[in-house]
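Student: Next up is a structure, given as structure tokens.
Since every read-out is calculated from the coordinates, none of them should be taken as a lab result. This is a predicted model, so every value here is computed, not measured. Cβ sites come from the backbone with ideal geometry, for glycine too, and all protein chains shown count toward neighbours.
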Amino acid sequence: MSQPPWMRAAAGANVYDQESGRVLPTIYERTTALGQQHGAVNLGQGFPDQEGPAWLRQLAAEAVGTDAGPSNQYPPGMGFPWFREAVADHQRRWYGVALDPQTQVMHTTGATEAITASILALAEPGSEILTFEPFYDSYGAVAALAGAELRTVPLRAPGFRPDTAALEAAVTARTSMILVNTPHNPTGTVFTEAELETIVDIARRHDLVVMADEVYEHLVLPGADSSHRTILSIPGAEEVAVAVGSVGKSFAVTGWKVGWLTGSADLVNRVRGVKQFLSFCSGPAYQFAAAEGLRDDHGFFAQNRDALGAGRDQLTEGLAGAGFAPFAAEAGYFVLADVRPVTDLTAAEFAVQLAQEAGVAAIPVSSLTLPATQQDRGDELNHLLRFAFCKRPETLAEALNRLASWSSSR
Ligand code: PMP
Ligand code: GLN
């Protein structure tokens, strides 16, 4: 008998516990809870430990509290027209992409809803979805919910570059979709223009749809080899690709859950077919503040990028000093480190030990891989821990002191 949808979704994100028959919280929430239990510094779940810009938060507060802002009643299902215009204007200014705000931009409740709606709308049941591994956990959950099979192509250390030849070799007659995440969580890889062109070309030749998750678009850090390109700036992408964005990461307000989907009027309309029955609509005040911020970030993107770059450098050096083997991160919130120089345990086992003994919480990258990959103890992805650097310098310093004293005490 086939599994019920809740079980498929949970299993797809590695959160179905066979023994108890119960759904576990996501790896992010579990790591935060584990950290709290042991008084650990939380370098697990990717959220900043200081608030986003005060002017932006003030706009949302005013929008809720005064009659000058949007009403607190239902916004349109596609999002407020001025929100969609602000997104279209942002895509034009940053990437030179022209979008009709009426039909080619849709507001979503975070990137999460855009991802969910896109996969449910565009992947046929029984089909295969391709993505690079490790991958953001919701891809696995929603692919399973859609009745599709997630198949992966590994990103390998040290560079974690997408192997587009391997991607094409993985395409079968059943493949329906390619999920791309650039800049990539958790590796920090920024896909180059050439890599994106190849992916679009593969999609066109094999009649596939591409969903590009671009939530880290404004977090390409100093020293990166490439700048971010939205998939829709690649010639020929319009017929085959949708792109997903979010203000959560761009403005350090991860709880806001203001996202959007862009693409051709036809693809956006299809995704709307699912989206309007998930949340229908949300967050009028947040849409208001986000629209203002997208039109003028008041220098926050550059300032945030520099602060994150400094955090990345501080964490990378400190991890190396504590005996780990960290990899260079070009973008995003995270540094990956190979734990084999300091332990014989897998990263999943070691993450628990580290929270308990050293007082530092981090995410095992194996939680962001397929179960088959996790079972292979020799697979390098099973020996990587993800540490978040989107924290204040003093938080990072405290975590690094703890790691250094833990490693020198052994
Ligand atoms: N995609 C990736 C790659 C992420 O890391 C996250 C977490 N921010 C999301 C999607 C979800 O974004 P949101 O919080 O806007 O739903
Ligand atoms: N995007 C964040 C991360 O990768 C967390 C998202 C979540 O908690 N669902 O850590």
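Student: Quickly rank 32-38, 142-148, 229-235, 204-210 as a protection proxy: mean count of other C-beta atoms within 10 Å, highest first.
Tutor: Sorting 32-38, 142-148, 229-235, 204-210 by mean packing, highest first, produces 142-148, 229-235, 204-210, 32-38.
Student: Using a 10 Å cut-off around each Cβ, can you sort L24, L120, L221 from fewest to most neighbouring Cβ atoms?
Tutor: Starting with the residue having the fewest Cβ neighbours, the order is L24, L120, L221.
Student: Something else: What are the radius of gyration and Dmax of region 190-349, computed over its Cα atoms and given in Å?
Tutor: 18.8, 52
Student: Counting Lys and Arg as +1 and Asp and Glu as -1, each charge on the Cβ, what is the dipole of the chain about the Cα centre in debye, to the nearest 20? Intermediate results must be reported in sequence, preceding the final value.
Tutor: Values: 29 positive and 46 negative charges, 97 e Å.
Result for the chain is approximately 460 debye, rounded to the nearest 20.
Student: While we're here: Once the other residues with Cβ under 10 Å from the Cβ of L150 are scored (Lys, Arg +1; Asp, Glu -1), what is the net sum?
Tutor: Local net charge: -2.
Student: Ok, one more. Using mean Cβ contacts within 10 Å as the protection proxy, how do 150-157, 169-176, 382-389 order, highest first? Before the final figure, lay out the partial values.
Tutor: On the way: 150-157: 18.5, 169-176: 14.6, 382-389: 26.9.
The most tightly packed comes first, giving 382-389, 150-157, 169-176.
Student: Between E349 and A61, how high is the FRET efficiency from 1/(1 + (r/R0)^6) when r is the Cβ-Cβ distance and R₀ = 51 Å? Nearest 0.05. All intermediate terms of the calculation are to be shown ahead of the outcome.
Tutor: Working: r = 44 Å, r/R0 = 0.87.
Calculated value: 0.70.
Student: Answer with one residue from A347, A212, A194: the one whose Cα lies farthest towards the positive end of the charge dipole of the chain, charges on Cβ with Lys, Arg +1 and Asp, Glu -1.
Tutor: Farthest towards the positive end: A347.
Student: On to the next question. Can you sort I115, I202 by how many other beta carbons sit within 10 Å, fewest first? Please list the in-between numbers first.
Tutor: Working: I115 26, I202 21.
The order, fewest Cβ neighbours first, is I202, I115.
Student: Straight distance only, please: which aspartates and glutamates reach the Cα of K391 with their own Cα at less than 16 Å, same-chain residues fewer than 8 apart left out?
Tutor: By straight Cα distance, K391 reaches D49, E51, D306, D313, E317.
Student: Could I ask something else about it? Of F334, L370, S282, which is farthest towards the positive pole of region 278-410's charge dipole, taken about the Cα centre with +1 and -1 on the beta-carbons of Lys, Arg and Asp, Glu respectively?
Tutor: Of the candidates, S282 comes out farthest on the positive side.
Student: Additional query: If you take the C-alpha gyration tensor of the chain, multiply each eigenvalue by 5 and take the square root, what semi-axes do you get, largest first, in whole Å?
Tutor: Values: eigenvalues 204, 138, 85 Å².
Three semi-axes, in Å: 32, 26, 21.
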